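Encoded as structure tokens, the structure appears first; notes follow it.
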Amino acid sequence: MADEQYRLLPIANVVRIMKHILPPSAKISKEAKQTMQECVTEFISFVTSEASDKCHKENRKTLNGDDICWALTALGFDNYAEATVRYLHKYREAEREKASSQNKATSSQDKDDEESSEDNSRQPAHQQTDYEAPSPVLEFRVHI
């Protein structure tokens, strides 16, 4: 049983998703939580395995969002694939916009720093950055 828990998604995450969908007054039995935990873990493993096989055949080590979408379609989950493709497109678009706005802010800050350093050539310039690490991309490392 303990080994099985390590291969399953955290039950708290599964329950959080379940509660988000259900009315606030709904109760979820322990058996329902565990059953859903096993099902979603198996589903993710099934889809990931199919995508991994594709990557292996193409001699690639990195599984990406497009591979997941392909696997969903190949396994007959067309509705999920369509929704995932839409999400992936929006995610990538948001990441491009975020990177673009960060680049604009950085170039504007650099210009301000240059002007400021000309005025204060005897004092060291202190550059303050508001760098945020980029959000994780839908990629998984597959060891072949």
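Rule-based calculations on the coordinates, nothing more; no lab input. Being a predicted model, the structure only gives us computed values, none of them experimental. Counting neighbours? That spans all protein chains shown, and the Cβs are built from the backbone with ideal geometry, glycine included.
The figures follow:
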quantity	calculated
Candidate lysines for bridging to Lys27, where Cα separation is under 25 Å - those fewer than 8 sequence places away on the same chain excluded	Lys19
Options Ala26, Tyr91, Ala74, ranked by Cα towards positive dipole end of region 2-115, top entry (Cβ charges)	Ala26
Average projected area [Cα convex hull, region 52-105], square nanometres	4.4
Descending Cα extents along the principal axes, region 2-115, whole Å	65, 45, 31
Burial ranking of peptide ranges 48-61, 25-38 (average Cβ count within 10 Å, highest at the top)	48-61, 25-38
Cα lying deepest toward the dipole's positive end in region 2-115, options Val47, Leu63, Ile17, charges on Cβ	Ile17
